[in-house]
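*Asks:* One structure is given below, represented as structure tokens, and several questions about it will come after.
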């Protein structure tokens with residue numbers, strides 16, 4: 001293992017994050033605050049409790065997931081896309097690093113960034129609503145696993161993308177609908193049976209449900225199933241990455 | 001001298017069927033400066049990309065320091081520094097960070113003293129905290145060299161290092177490369193500027209159409225292929241050469257104002273005295289005399305031209 005290289009890539013990415021502090025930290029915080037003001041306070045005051053949890057508190061885990069997913073995918077994708085775009089990828093390709101180390105560096109940094117943002121949003125949320133976290137360790141486990149998995153998904157998108165439009169396709173077009181329809185703002189019990197079945201095909205449901213369980217002990221699906229599903233997503237991403245590195249897909253001519 | 005880079009039957013055919021390298025064989029000796037000359041699209045960059053690991057060969061082998069570049073890529077890439085042809089840099093990074101990043105990427109522990117020395121050698125020390133986008137083109141080029149040197153490589157590849165660089169800077173770069181050679185670094189440079197190869201290289205390789213046409217000691221090459229020309233400018237032009245000069249195989253310039261004697265390469269040598277005497281005998285008055293040695297450029301053009 002070339003640990004120095006992993007450190008170099010990780011540090012490089014974290015410095016990039018510091019440079020883009022405004023868009024990567026402050027923007028999500030403002031957006032989430034707006035969600036709380038509109039959904040939590042304005043609308044939420046007219047919505048009854050969900051499974052014994054006030055509406056504002058109920059939507060908090062979903063909001064954190066929404067941002068976490070979006071940020072991890074964008075950061076993971078941009079981190080590797082930018083060197084491709086600028087041409088600086090030559091250095092990584094000609095360095096004594098294996099793709100495993102490249103992934104650990106980039107995905108590690110993207111996931112770290114995602115978790116930091118998630119925690120900041122959690123802190124922001126606590127200003128608006130009464131929060132309790134029943135299983136803090138499990139909350140972190142869900143957060144970290146989700147961050148790693150979707151940073152990897154982002155990394156894969158970054159390798160696949162040929163232009164900025166493709167790069168933003170998934171985070172802008174795919175993630176929000178999945179999150180909104182994945183039970184971030186409601187319990188799927190509230191849906192008609194047909195849509196409940198459809199929801200079970202939405203990966204985000206498992207993430208939000210499991211994450212919410214770690215807060216309040218209530219869940220749409222069994223938290224064990226949520227964990228298993230995250231593990232499945234992780235394996236899918238790992239397999240895709242393995243295939244990419246075996247074949248040099250879109251990286252080595 | 002042992003070969004530090006050994007290329008055997010190297011082939012690269014792209015998915016679209018284009019064959020960029022058609023079985024290249026080349027040994028690069030430790031400590032030498034090798035210049036690779038060739039027209040655009042000759043395969044120079046493809047060859048370097050394969051040696052450095054950016055591109056994968058479709059046939060043949062490359063050994064660097066006794067290791068295979070595909071199988072033992074960690075060993076080989078640690079030995080190699082690469083300065084790419086394009087000015088590919090992260091515009092938003094500072095000089096110091098980007099050079100330190102390169103060192104880390106090659107698995108070396110941070111060494112601020114060394115980075116300081118490299119930056120000072122390349123006259124970048126004052127700019128260490130500047131963002132790369134604030135630098136001039138020549139400085140960016142030097143940053144790329146600093147990045148390539150940050151992990152103390154034993155072999156340095158310079159892919160057209162002085163393209164678009166002004167004369168003064170070019171000379172500065174040559175001096176820097178000279179210092180590297182004194183430190184025992186093997187340097188391989190590709191160039192369009194024949195002057196550069198002539199000035200710097202110990203050996204010269206000519207590559208065209210994906211094949212190495214020749215690799216030769218620079219001096220031997222110049223001697224072997226170099227021709228000299230003696231040109232006698234006439235005060236009054238001639239329409240034809242006097243018959244008495246026929247035996248000396250002279251020629252007349254197009255405007256009839258000069259008599260040209262070509263020699264060198266074992267042909268027509270040692271005849272200058274006879275030529276001058278014959279011209280004198282003919283009573284032709286000469287206004288000026290000049291000699292010219294064919295440059296590497298002429299050699300190159302005739303080599304590549306012969307193949308075309």
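*Asks:* Find the relative contact order for region B:228-293 and round it to a whole percent, using C-alpha pairs within less than 8 Å whose residues are 6+ positions apart.
*Replies:* Computed value for region B:228-293: 51 percent relative contact order.
*Asks:* Follow-up question, since we're still on this one. With runs of 4+ DSSP H residues as the only contributors, calculate the mean residue ellipticity of chain B at 222 nm using -39,500 (n - 2.57) per run, divided by the residue total and rounded to the nearest 500.
*Replies:* Rounded to the nearest 500, it is -10000 deg cm²/dmol.
*Asks:* Next question. For chain B, what is the relative contact order in percent, using Cα pairs closer than 8 Å and at least 6 residues apart in sequence?
*Replies:* For chain B, the relative contact order is 19 percent.
*Asks:* In vacuum, with every alpha carbon of region A:95-160 counted as one equal point scatterer, what does the Debye formula give for log10 I(q)/I(0) at q = 0.13, 0.14, 0.26 Å⁻¹? Two decimals, please.
*Replies:* Normalising to I(0) and taking log10 leaves -0.46, -0.52, -1.11.
*Asks:* Based on the alpha carbon coordinates of chain B, what radius of gyration and maximum Cα-Cα distance (Dmax) apply, in Å?
*Replies:* When restricted to the Cα atoms of chain B, Rg and Dmax are 24.4, 78 Å.
*Asks:* Using the Cα atoms of region B:121-188 to build a convex hull, what is its mean projected area in square nanometres?
*Replies:* Seen from a random direction, the Cα hull of region B:121-188 projects 4.6 nm² on average.
*Asks:* Sorted from fewest to most neighbouring beta carbons within 10 Å, what does the list B:133, B:77, B:257, A:16 look like?
*Replies:* The most exposed by this proxy come first: B:133, B:257, A:16, B:77.
*Asks:* Apply the Debye scattering formula to region A:52-162, with a single equal point scatterer on each alpha-carbon and no solvent, then give log10 I(q)/I(0) at q = 0.11, 0.15, 0.21 Å⁻¹.
*Replies:* -0.42, -0.67, -1.03
*Asks:* Quick check on the exposure proxy: order A:14, A:65 from fewest to most C-beta atoms within 10 angstrom.
*Replies:* Exposure proxy ranking, most exposed first: A:14, A:65.
*Asks:* Which whole-number percentage describes the relative contact order of chain A, with Cα contacts under 8 Å and a sequence gap of 6 or more?
*Replies:* Value for chain A: 26 percent.
*Asks:* Bin all alpha-carbon pair distances of chain A at 10 Å intervals from 0 and give each bin's fraction as a whole percent.
*Replies:* Pairs per bin, as whole percents: 7, 31, 34, 19, 7, 1.
*Asks:* On to the next question. Calculate the tail of P(r) for region B:63-103: the fraction of all Cα-Cα distances greater than 12 Å, expressed in %.
*Replies:* 68
*Asks:* Measuring from centroid to centroid over Cα atoms, what is the spacing of region B:126-164 and region A:25-77 in Å?
*Replies:* 47
*Asks:* While we're on this one: By per-residue mean of other Cβ atoms within 10 Å, what is the highest-first order of B:293-302, B:108-117?
*Replies:* B:293-302, B:108-117
*Asks:* What is the angle, in °, between the Cα long axis of helix A:136-160 and the longest principal axis of the Cα atoms in chain A? Nearest 10 is fine, range 0 to 90.
*Replies:* 50
*Asks:* Give me the tail of P(r) for the protein assembly as shown as a percent: Cα-Cα pairs with distance above 46 Å.
*Replies:* Tail of the P(r) past 46 Å holds 37 percent of the pairs.
*Asks:* If you rank B:5, B:165 by fewest surrounding Cβ atoms within 10 Å, what's the result?
*Replies:* B:165, B:5
*Asks:* Peptide B:74-82: average number of partner chain Cβ atoms within 10 Å per residue?
*Replies:* For this peptide, the per-residue mean of nearby foreign Cβ atoms is 3.
*Asks:* Which percent, nearest 5, of DSSP beta bridges in chain B are antiparallel?
*Replies:* Around 70 percent antiparallel, to the nearest 5.
*Asks:* Further, regarding this structure: According to the Kirkwood expression over distinct Cα-Cα pairs, how big is the hydrodynamic radius of region A:192-244, in Å?
*Replies:* Mean inverse Cα-Cα distance, inverted, gives 12.0 Å.
*Asks:* Compute the acute angle (0 to 90°) between the alpha-carbon long axis of helix B:137-149 and the principal axis of greatest extent of the alpha-carbon atoms of chain B; round to the nearest 10°.
*Replies:* Orientation of helix B:137-149: about 60 degrees from the principal axis.
*Asks:* Highest mean first, what order results for A:42-55, A:84-97, A:139-152 on Cβ atoms within 10 Å?
*Replies:* Top of the packing list down: A:139-152, A:84-97, A:42-55.
*Asks:* So how tilted is helix B:272-281 from the main axis of chain B? Cα-based, degrees 0 to 90, rounded to 10.
*Replies:* The two axes meet at around 30 degrees.
*Asks:* Please report the antiparallel percentage of the DSSP beta bridges confined to the protein assembly as shown, to the nearest 5.
*Replies:* Taking every DSSP beta bridge with both residues in the protein assembly as shown, the antiparallel ones total about 70 percent.
*Asks:* Over all residues in A:23-30, what is the mean tally of Cβ atoms on other chains that come within 10 Å of each residue's Cβ?
*Replies:* Counting other chains' Cβ atoms within 10 Å and averaging over A:23-30 gives 0.
*Asks:* If you project the alpha carbons of region A:90-236 onto their three principal axes, what span does each projection cover, largest first, in Å?
*Replies:* Largest first, region A:90-236 extends 53, 33, 28 Å along its Cα principal axes.
*Asks:* Based on the Cα gyration tensor of region A:160-253, what are the three equivalent ellipsoid semi-axes, each the root of five times an eigenvalue, rounded to whole Å and given largest first?
*Replies:* Listed largest to smallest, the semi-axes of region A:160-253 are 31, 17, 11 Å.
*Asks:* Cβ neighbours within 10 Å, averaged per peptide: list B:44-51, B:149-156, A:215-222 in order, most packed at the top.
*Replies:* B:44-51, B:149-156, A:215-222
*Asks:* For region B:62-175, how big is Rg over Rh, using alpha carbon atoms and the Kirkwood form of Rh?
*Replies:* 0.98
*Asks:* For region B:228-293, what are the per-bin percents of Cα-Cα distances with bins 5 Å wide, up to the bin holding the maximum?
*Replies:* P(r) over region B:228-293, rounded to whole percents: 4, 18, 33, 28, 14, 4, 0.
*Asks:* Rounded to whole Å and sorted largest first, what semi-axes of the equivalent ellipsoid does the C-alpha gyration tensor of region B:1-141 yield via the square root of 5 times each eigenvalue?
*Replies:* In descending order, the three semi-axes are 31, 18, 14 Å.
*Asks:* Across the residues of B:201-209, average count of Cβ atoms on other protein chains within 10 Å?
*Replies:* 0
*Asks:* Debye sum, Cα scatterers, region B:185-308, no solvent: what log₁₀ I/I(0) at q = 0.11 1/Å?
*Replies:* Log10 of I(q)/I(0), two decimals: -0.51.
Taken together, the values in this text are just the output of simple stated rules run on the coordinates, not laboratory data. As the structure is a prediction and not an experimental result, all values here were calculated from the model. Here the Cβ is made from the backbone with ideal geometry for all residues, glycine too, and neighbour counts use every protein chain on show.
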